[in-house]
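Enquirer: There's a structure below that I have some questions on.
The values are calculated or read from the model by the stated rules, or taken from the named source; none is laboratory data. Not measured: the values here are computed from a predicted model. Ideal geometry is used to build each Cβ from the backbone, glycine not excepted, and the neighbour counts take in all protein chains shown. Ligands, DNA and RNA are excluded from the accessible area calculation, which covers all protein heavy atoms including side chains. Shrake-Rupley method; radii C 1.70, N 1.55, O 1.52, S 1.80 Å.
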Amino acid sequence: MRFHPTAISLASTILLFSTNCNPIHALQSNPEESPQRLSDTTAVCTASQGRTATCEVELDVPASCIIDGSSNCPIVFFFHGAGGTNDWFGRQSGVHANNVIGVYPQGENGWNTGPKNTNTCTWDDYDCTSDPDEGAFLSSIIHELRLLGALGNVYLVGNSNGAALAHRLASNANMDDLPIKGIVTKVTQLLASPARSGPGNLNYNQPSAGVPQVSVLNLMGDNDLLIPYEGGTSGVFGGDTNFVLMSALDSMTTWAAHNGCSTGYTTASSVYGTSGQATFYDYSGGCDEGIIVEHYVLHGAGHSIGGSTTLDGVRIDYDLAYDFISRVEAGGGGGGGGGG
C-alpha cells in the first residue's frame, strides 16, 4: 500500500474543520439547473492547497435522491478540460433525469496532471505546498459529501485534461480518501511515465497493487493530433519528454490487468454519429462481477468529440456514461453499448 498517513491526516483535519464551521447538517436538494455551491458553505476551496478565488464546487442534488436527509444515489463528478469551466454542467449533465448526485468542480487553469506554466514548483517536487494538490482537493470534497449524508458510490466523468485527472485519481483510489467506483474518460489515456507527478501523496499516474478495482469506460479518436491514440509525447506537456502517454490499447490492458480481468478483448462494430465507424473493445472477460472495462475507438475522429455525438444512437454526453454507471451499480459485467 503506497498511501501515507499524511494524506489521511489532511483529510481528518479538513473533516474536523468542516464539522465545526459547516452550517449545513444534512443533504439538501435543489431545483434542476440550479446547483448549490458547496464551496460557499464548506472549506473545500479555502482549506485546499493551491486554490485561488477561481475555485468553486457546485453540488447538484435531485429531490428524488434524498431519504431522511441522506442519499445512496451514485455521486458523479464532472471534470472540464484545460481552459474549460464548470458553468454548463448544471444545465447539461442530466443528473436529475438519471437520479444521481452531480458534483462540478472548477479547476485552476485546468487540472494539475502534468507540467503547467502556472505552477511554481517542478513536477517532481512532491512536497510542494503552493501548486494545486488535486488528490487532496477531491478527497476533501468527498469527505464533505459523506458528512452531509451523500453515501453512494463515487464516479468520475472527464474530458481531455479532465479525463487525465480521472485516470490519475482512479490510479490513487483507496477507501479512505478516494473511494472511486468507476471512471468515464474521453480523449485521454493513462501516462506511461512518469510514475508520479505533482504535489502530495495521491499523485501516482498508474494503478498498482493495493489500489481497489475501478471500472473504466474510455473513448478515443484515432486521428487525435493532440493526444495521440498510439501514445507517446504530446504538446500538452510543453515539450517535457518525461511525460509519455501509453497507447490507448495499452492503457486499457493496464486497467484490465489491474482489475484482475483477462487482458484479451472482444470487439464489435459501432456506428459513430450518423455514418462514422467505431470499434468497441470489451476487456471485461474474467473480471469480478460488477467490474467493467470497455473502450471505443472512433475512427477518423480527432480530439473534439461533440457533446451530442452518438454511438449506436446513444448520446456520448452523457447517456453512454449513465448506461455504464447503471451497469456497474447493478453488478453486471461488460458487453454493453457496442455492436447492437
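Enquirer: Could you work out how far the C-alpha centroid of the range 41-115 sits from that of the range 241-279, in angstrom?
Expert: 27 Å
Enquirer: Between Asn72 and Ser326, what length in nm is gained on full extension when 0.36 nm per residue of separation is reduced by their alpha carbon distance? Walk me through the intermediate numbers first.
Expert: Details: separation 254, 0.36 × 254 = 91.44 nm, distance 1.35 nm.
Extending this stretch completely gives an extra 90.1 nm.
Enquirer: How big is the accessible area of Arg146 in square angstrom, nearest 10, if you roll a 1.4 angstrom probe over the protein chains?
Expert: Here the residue's solvent-accessible area equals roughly 80 Å².
Enquirer: Something else now. For the range 146-196, what relative contact order do you get, as a whole percent, if you take Cα pairs closer than 8 Å and at least 6 residues apart? Present the calculation step by step, with values, prior to reporting the outcome.
Expert: Numbers: 66 pairs, mean separation 21.1, N = 51.
Computed over the range 146-196, the figure is 41 percent.
Enquirer: Considering only protein heavy atoms, what per residue accessible area in square angstrom results for the chain with a 1.4 angstrom probe?
Expert: On the way: 13120 Å² over 340 residues.
I get 39 Å² per residue for this part.
Enquirer: State the antiparallel share, in %, of DSSP beta bridges confined to the range 207-340, rounding to the nearest 5. Mind dumping the intermediate values first?
Expert: Working: 16 of 22 bridges.
Expressed as a percentage, antiparallel bridges in the range 207-340 total about 75.
Enquirer: Shifting gears a bit: Keeping the other protein chains in place, figure out the carbon and sulfur percent of the accessible area of the range 196-321, with a 1.4 Å probe.
Expert: On the way: 2300 of 4800 Å².
Whole-percent figure for carbon plus sulfur exposure: 48.
Enquirer: Turning to a different aspect of this structure: Of all DSSP beta bridges located in the range 177-269, what percent are antiparallel, nearest 5?
Expert: On the way: 4 of 9 bridges.
Approximately 45 percent, going by the DSSP bridge assignments.
Enquirer: I would also like to ask the following. Give the shape of the range 179-284 as rounded, prolate or oblate, defined through the alpha-carbon gyration tensor: a ≥ b ≥ c are the square roots of its eigenvalues, a/c under 1.5 means rounded, and otherwise the shape is prolate if a/b is larger than b/c and oblate if not. Don't skip to the end; give the middle numbers.
Expert: Values: a/c = 2.13, a/b = 1.20, b/c = 1.78.
Oblate is the answer for the range 179-284, as a/c is 1.5 or above yet b/c matches or exceeds a/b.
Enquirer: Could I have the simple spin-label model distance between Ala53 and Asn30, label points 7 Å from Cα toward Cβ, reported in nm to one decimal?
Expert: Once both label points are built, they end up 2.1 nm from each other.
Enquirer: Assign one of three labels to the range 120-169, namely rounded, prolate or oblate, based on the Cα gyration tensor with a ≥ b ≥ c the square roots of its eigenvalues; rounded applies when a/c is under 1.5, prolate when it is not and a/b is larger than b/c, and oblate otherwise.
Expert: Numbers: a/c = 3.52, a/b = 1.53, b/c = 2.30.
The shape class here is oblate.
Enquirer: Take the alpha carbon atoms of the chain, find their radius of gyration, then divide it by 2.2 N^0.38 Å using N residues; give the quotient. If you can, show how the numbers build up before the last one.
Expert: Values: Rg = 18.8 Å, N = 340, 2.2 N^0.38 = 20.2 Å.
For the chain, the normalised Cα radius of gyration comes out at 0.93.
Enquirer: Right, here's the next one. Find how much the distance from His299 to Ser193 grows on full extension, using 0.36 nm per residue of separation minus their present alpha carbon separation; answer in nm with one decimal.
Expert: Here the segment from His299 to Ser193 would lengthen by 35.5 nm.
Enquirer: Next up: I need the shape label for the range 222-330. Rule: rounded when a/c is under 1.5, else prolate if a/b > b/c, else oblate, with a, b, c from the alpha carbon gyration tensor.
Expert: Working: a/c = 1.89, a/b = 1.15, b/c = 1.65.
Cα axes put the range 222-330 in the oblate bin.
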